[in-house]
Amino acid sequence: MINDIPKIDLHCHLDGSVRPETIIELAKKHNIEIPSYEKGTIMKFLVAPADCKSLVDYLKVFDIPKKVMQTEDALRRITFELYEDAAKENVKYMEVRFAPMMHTFKGLALNEVIESVVKGVKDAEEKYDIRGSIILCCMRNQSEDDAFKVIEAGREFLGKGVAAIDLCAAELDNFCDKFERAAKYAKSIGYRITIHAGETGVGINVYDAVTKLAAERIGHGVYIKDCDKAYKIVKENNITLEMCPTSNVQTKAVHSIEEHPFKKFYDNGIKVTVNTDNRTVSNTDMLKECRILFDDFKLSNDDYRKIYLNSVNAAFADDKTKEWLLTF
Ligand SMILES: [Zn+2]
């Protein structure tokens, strides 16, 4: 039954979702040094340890995949394979996000990076019953100027594969102020906006992301549970939360699945959705995440339908795609 239900993944990072086999193959082909060329061993370096101390600790694992994601061919292939894997889980629509700046270390221009990923999505759309959109991540630890560069580079792909911007990397207090102008500009030229916020302890960041950056969706948002102001604005403005249960346990956003606020938020009318975050790093997929909804959060099929519809409504997809998603 889990296999058959239609699924939507709105929060999935490209560099956290690379097949280990592909990392080994690309590393060999391009003479790139990685800790091991054997699948069982390299997995130990690619999957975040269960005893991660924090989000910062969790983010360290991304260094290896980034090493092999510096050419057009590699980016296109990795994107295609991610959509291929998702299609096999009956994911009908997936938004994949990545930070273009992290793929320019061997000379690719930002627009070349973005174009390669867009091509990978198209390749998969032609072959499988799945649709996709791309979200461009600006890094919170980089400058506002860098954010503008990413926004400009993605502009020519808006409506042609690219749909939105995001801010990611480690979460600091008051990170929103630095990116207010960039977010306003992105919105004015047609980008949709989702922001990682309230993932690890700072609930008020969610309030700021909505009021200062015009976020329509929030990545995670776990910590609105401890911040009335943020909780209220999310509920009243119908802001959708992209929740990723397995990842939230790994990053210590919550101590265990039992403590996850997903069900409570759902019961209180918050627009929650379920997503993977990082398939390889979190050793998960949409089958596992959906199983958590049924087995741990004790949701019914009707509940699942409502969550699926939350995802359809919040998707940064065109009307035609949304209509198609409602046929499942
Ligand atoms: Zn994320």
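The numbers here are math on the coordinates, done by the rules we state, and not lab data. As the structure is a prediction and not an experimental result, all values here were calculated from the model. Here the Cβ positions follow ideal geometry from the backbone for every residue, glycine too, while neighbour counts run over all protein chains shown.
Sum -39500 (n - 2.57) across every DSSP H segment of at least 4 residues in the chain, then divide by the residue count to get the 222 nm mean residue ellipticity, nearest 500.
-13000 deg cm²/dmol
Give the separation of the Cα centroids, the range 182-224 to the range 6-66, in Å.
26
Give the longest segment of the chain that steers clear of GluC sites (Glu not before Pro) in DSSP loops with at most 10 neighbouring Cβ atoms within 10 Å, not counting the sites themselves.
Value returned for the longest uninterrupted segment is 39-328.
Students often get this wrong, so check it: of 229/306; 92/298; 88/184; 122/235; 66/212; 60/187, which have C-alpha atoms separated by over 29 Å?
In this structure, 88/184; 122/235; 66/212; 60/187 exceed 29 Å between Cα atoms.
Looking at 237, 282, 80, which one has the Cα that reaches farthest to the positive end of the dipole of the chain (charges on Cβ: Lys, Arg +1; Asp, Glu -1)?
Value: 237.
Report, in debye and to the nearest 20, how large the dipole of the range 7-316 comes out about its Cα centre when Lys and Arg carry +1 and Asp and Glu carry -1 on their Cβ.
300
Could you work out the relative contact order of the chain? I mean the mean sequence separation of Cα pairs under 8 Å and 6+ apart, divided by the number of residues, in percent.
Taking the mean separation of contacting Cα pairs over the length of the chain, I get 20 percent.
I'm a student and want to see the number: the projected area of the Cα convex hull of the chain, averaged over all directions, in nm².
Computing the convex hull of the Cα atoms and averaging its projections yields 15.1 nm².
Using a 10 angstrom Cβ neighbour count of at most 14 plus a DSSP loop assignment to flag exposed trypsin sites (Lys or Arg not before Pro), which longest range of the chain is free of such sites?
Longest site-free region, per DSSP loop and neighbour criteria: 161-297.
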